[in-house]
Amino acid sequence: MADPRFFTVAGPFTLARLAEISGADLAPGADPASEYSDVASLDQAGPGQISFLDNRKYADSFLASKAGAAIVHPDMADKAPAGMALLLSKDPYRAYAKVAQAFYPVPAPQPWVAPSAFVDPTAKIGAGCRIEHGAVIGARAEIGQRCRIGANVVIGDGVVLGDDCIVGANSTVQFAMIGSRVNIYPGVRIGQDGFGFAMGPQGHLKVPQLGRVIIGDGVEVGANTTIDRGAGPDTIIGAGCMIDNLVQIGHNVQLGRGCVIVAQVGISGSTKLGDFAAAAGQAGIAGHLTIGPGARIAAQAGVAKNVGAGETVGGTPAVPQMEWLRQSALLSKMVRRKG
């Protein structure tokens with residue numbers, strides 16, 4: 001059970017309602033009227049709670065679980081302990097996510113503007129917003145309805161935020177047009193100058209960065225991530241992208257819809273990622289590349305050339321996954337022989 005000091009649980013919900021929420025099917029014999037008060041992991045759940053099984057290696061934990069109900073793939077239904085009610089789904093983890101969201105919905109902000117916040121008279125603030133202590137909202141900024149602006153946040157002049165956005169404490173948002181339902185975690189920097197210089201022995205001359213950052217609906221930007229504004233064209237983050245903590249996105253980068261960028265990834269300027277591409281932790285992507293839709297970049301890969309749609313690459317310099325694995329195996333054999 002989540003700590004009630006930090007999280008407020010909704011419910012209870014009947015099993016029939018949870019099936020409706022998750023899109024899962026009631027297993028034969030499950031009581032649709034039975035009620036559940038919370039979600040919990042397999043090893044911690046009790047009779048009044050619902051859990052899930054998404055990985056077969058936890059089958060023993062599933063069998064030993066005291067959970068009153070669980071969401072499972074139909075293929076695993078026969079592994080359930082006696083008396084456990086089941087919801088059957090071909091994607092148990094996604095179904096569980098919907099159930100967990102129902103038990104722990106994001107609460108609506110309590111409208112308030114802290115006396116220590118500064119809101120420029122020309123700024124437009126939507127109904128139902130909460131603006132915490134020390135926040136600064138610049139001239140001509142537009143904040144949509146029901147937004148939360150955390151402590152010491154700086155929203156620059158002319159910035160636009162859609163409805164239901166969250167901007168975490170100590171973040172800075174400048175030169176940006178941001179959609180609705182965007183969650184910006186604490187310490188994020190959006191819209192600062194891109195790293196652009198005309199280099200030469202007589203000194204490096206700064207190139208003015210005249211673009212913006214455009215962020216689509218439903219994006220998450222993890223803590224202490226930085227997204228540079230464009231040099232002329234805009235930096236674009238497509239709808240539904242999930243960006244982890246400590247990511248660096250350079251100027252003019254374009255992410256398509258639903259991209260996943262994991263912690264400590266660096267994407268150099270003017271690189272384009274297609275829809276639903278993913279980069280695992282600490283991958284580095286050089287500038288002016290095209291990463292195709294659905295491509296996968298392995299952790300710590302160094303990408304120096306284009307990656308095709310649906311392709312998976314790894315290593316430094318990054319090569320197709322099977323080639324990378326063969327290289328690693330061959331190198332390991334060579335080292336053993338030498339020893």
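Bear in mind that the values in this text are calculations on the coordinates, not laboratory data. The structure displayed is predicted, hence computed values, not measured ones. Neighbour counts run over all protein chains shown; Cβ positions are idealised from the backbone, glycine included.
Can you find, within region 284-337, the residue that is nearest to Gly230 (Cα to Cα) among those that are among the charged types (D, E, K, R) and in contact with a helix residue (DSSP H, G or I) (Cβ under 9 Å, 6 or more places away or on another chain)? Within region 284-337, the match that is nearest to Gly230 (Cα to Cα) is Arg296. In region 201-241, the qualifying residues are those that are touching a residue at least 24 places away in the same chain (Cβ under 8 Å) and charged (D, E, K, R), and the one that is surrounded by the most Cβ atoms within 10 Å (Cβ to Cβ) is Asp228. Within region 305-327, is even one residue assigned to a strand (DSSP E or B) and polar (S, T, N, Q)? Scanning region 305-327, I find at least one residue that is assigned to a strand (DSSP E or B) and polar (S, T, N, Q), so the answer is yes. For region 57-70, indicate whether the set of residues that are farther than 15 Å from Pro92 by Cβ, among the aromatic types (Phe, Trp, Tyr) and either surrounded by 14 or more Cβ atoms within 10 Å (Cβ to Cβ) or under 26 Å from the mean Cα position of the chain (by Cα) (or both) is non-empty. Scanning region 57-70, I find no residue that is farther than 15 Å from Pro92 by Cβ, among the aromatic types (Phe, Trp, Tyr) and either surrounded by 14 or more Cβ atoms within 10 Å (Cβ to Cβ) or under 26 Å from the mean Cα position of the chain (by Cα) (or both), so the answer is no. Among the residues of region 81-105, those that are over 14 Å from Ile21 (Cβ atoms), buried (at least 17 other Cβ atoms within 10 Å of the Cβ) and in contact with a helix residue (DSSP H, G or I) (Cβ under 7 Å, 6 or more places away or on another chain) comprise Ala85, Leu86, Leu88.
For region 45-88, a residue qualifies if it is small (Gly, Ala, Ser), touching a residue at least 12 places away in the same chain (Cβ under 8 Å) and outside any strand (DSSP E or B), and the qualifying residues are Ala45, Gly46, Gly48, Ala59, Ser61, Ala64, Ser65, Ala67, Gly68, Ala77, Ala80.
Here's the yes/no breakdown for (1) in a helix (DSSP H, G or I); (2) at positive phi; (3) touching a Pro at 6+ places or on another chain (Cβ under 6 Å); (4) not small (Gly, Ala, Ser):
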{"residue": "Lys90", "(1), (2), (3), (4)": "no, no, no, yes"}
{"residue": "Tyr93", "(1), (2), (3), (4)": "yes, no, no, yes"}
{"residue": "Ala100", "(1), (2), (3), (4)": "yes, no, no, no"}
{"residue": "Pro107", "(1), (2), (3), (4)": "no, no, no, yes"}
{"residue": "Gln110", "(1), (2), (3), (4)": "no, no, no, yes"}
{"residue": "Pro115", "(1), (2), (3), (4)": "no, no, no, yes"}
{"residue": "Thr122", "(1), (2), (3), (4)": "no, no, no, yes"}
{"residue": "Ala139", "(1), (2), (3), (4)": "no, no, no, no"}
